[in-house]
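Let me begin by presenting the structure, written as structure tokens, before commenting on it.
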């Protein structure tokens, strides 16, 4: 699996930018597209869930495996720390800033994908906290996907978990955000 996209040398193309700068710009663009797709899917599915599942009993989709069950979560994942929504609003904001700052060092397609998923998931749930009832910074996150023996979740949550798995695998392989092995000079 090729992690690094930064080419060797400094052959300038027609844009005048070195290949490494063009590659990094492409990775940042990919991160942004991934985040945008996640935010769009998350918000569309939440709007659908609120309009279609309100005041309905859970709906089995795949018997015994998946059902649609609309809930509103005032806490973190797994409904932990309910009542501290404002804290998770601040944490999501900090995560977004860190991802944006980290993007300047991107040199790996896998890191771009992981950070795009994480950014999209964080923004998707942050939008709920900012714009849903009971109020700005205290809004409840819309969840509607339910697996057996697992808390109800949404598209943003699944993207955050997927990002965490990818980041964990990259960490185990020793691949830094810039695509180089961790500890390598210049990495």
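A few comments on the model shown:
- Enumeration of residues in the range 22-50 that are surrounded by 15 or more Cβ atoms within 10 Å (Cβ to Cβ) and more than 18 Å from residue 156 (Cα to Cα): 22, 23, 24, 27, 28
- Within the set 142, 62, 136, the sole residue that is touching a strand residue (DSSP E or B) at 6+ places or on another chain (Cβ under 7 Å) and either more than 30 Å from residue 26 (Cα to Cα) or at pLDDT below 95 (or both) turns out to be 142.
- The set of residues in the range 123-159 that are surrounded by fewer than 20 Cβ atoms within 10 Å (Cβ to Cβ) and under 11 Å from residue 73 (Cβ atoms) comprises 132, 140, 151.
- For the range 135-153, a residue qualifies if it is within 18 Å of residue 85 (Cβ to Cβ), in contact with a helix residue (DSSP H, G or I) (Cβ under 9 Å, 6 or more places away or on another chain) and part of a loop (DSSP other than H, G, I, E, B), and the qualifying residues are 136, 137, 138, 139, 140, 151, 152.
- Subset of the range 99-122 (residues that are buried (at least 23 other Cβ atoms within 10 Å of the Cβ) and either at pLDDT below 95 or under 17 Å from residue 37 (Cα atoms) (or both)): 111, 112, 114, 115, 116, 117, 118, 119, 120, 121, 122
- Which numbered condition residue 94 fails, given (1) exposed (fewer than 13 other Cβ atoms within 10 Å of the Cβ); (2) modelled with pLDDT under 95: (2)
- When 163, 156 are checked against the criterion of being modelled with pLDDT of 95 or more, touching a strand residue (DSSP E or B) at 6+ places or on another chain (Cβ under 9 Å), in a helix (DSSP H, G or I) and closer than 13 Å to residue 38 by Cβ, a single residue qualifies: 156.
- Of all residues in the range 51-65 being under 12 Å from residue 145 (Cα atoms) and surrounded by 12 or more Cβ atoms within 10 Å (Cβ to Cβ), the one that is nearest to the chain's Cα centre (by Cα): 53
- Candidates 172, 90, 126, 145, filtered to the one that is at negative phi and in contact (Cβ under 8 Å) with a residue 40 or more places away in the chain: 145
The values are calculated or read from the model by the stated rules, or taken from the named source; none is laboratory data. These numbers come from a predicted model, not from an experiment. When we count neighbours, we look across all protein chains shown, and the Cβ atoms used for this are built from the backbone with ideal geometry, even at glycine.
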